[in-house]
1. Which ones in the range 1-32 are in a loop (DSSP other than H, G, I, E, B) and hydrophobic (A, V, I, L, M, F, W, C)?
2. Among the residues of the range 1-32, what is the count of those that are of a type in the set (S, T, N, Q) and in contact with a helix residue (DSSP H, G or I) (Cβ under 9 Å, 6 or more places away or on another chain)?
3. Can you find a residue that is aliphatic (A, V, I, L, M) and at pLDDT 75 or above anywhere in the range 66-81?
Amino acid sequence: MIGYVLSLLMGVAAGVAYGLVQIRSPAPPLIALVGLLGMVVGEQMINTARHHLAPASAPIAQTDDARPDPNGLVAGQMPKRIDGAARSP
């Protein structure tokens, strides 16, 4: 959202600068900008329709992996050897 506001403010600043120098901006005429706005609105309508008409996804089932490990292992940690000997890399 900040990007849109910043873009609008920079556009206004450029318009003021062109107005002070009394030259026409190279921006397309208003009719072309309205057409571009229509294209953006149409694209958003399609995306919104796809989002609302898409089938709802099934809820994710909780598996046994979601429970804490009774041995207190952390992901990626190797289990200790039963005989207590240290592992060599």
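1. M1, I23, A27
2. 1
3. Within the range 66-81 (the criterion being aliphatic (A, V, I, L, M) and at pLDDT 75 or above), the answer is no, since none of the residues qualifies.
The values are calculated or read from the model by the stated rules, or taken from the named source; none is laboratory data. This one's a predicted model, so the numbers in the text were calculated from it and none came from an experiment. Note: ideal-geometry Cβ built from the backbone for every residue, glycine included; neighbour counts use all protein chains shown.
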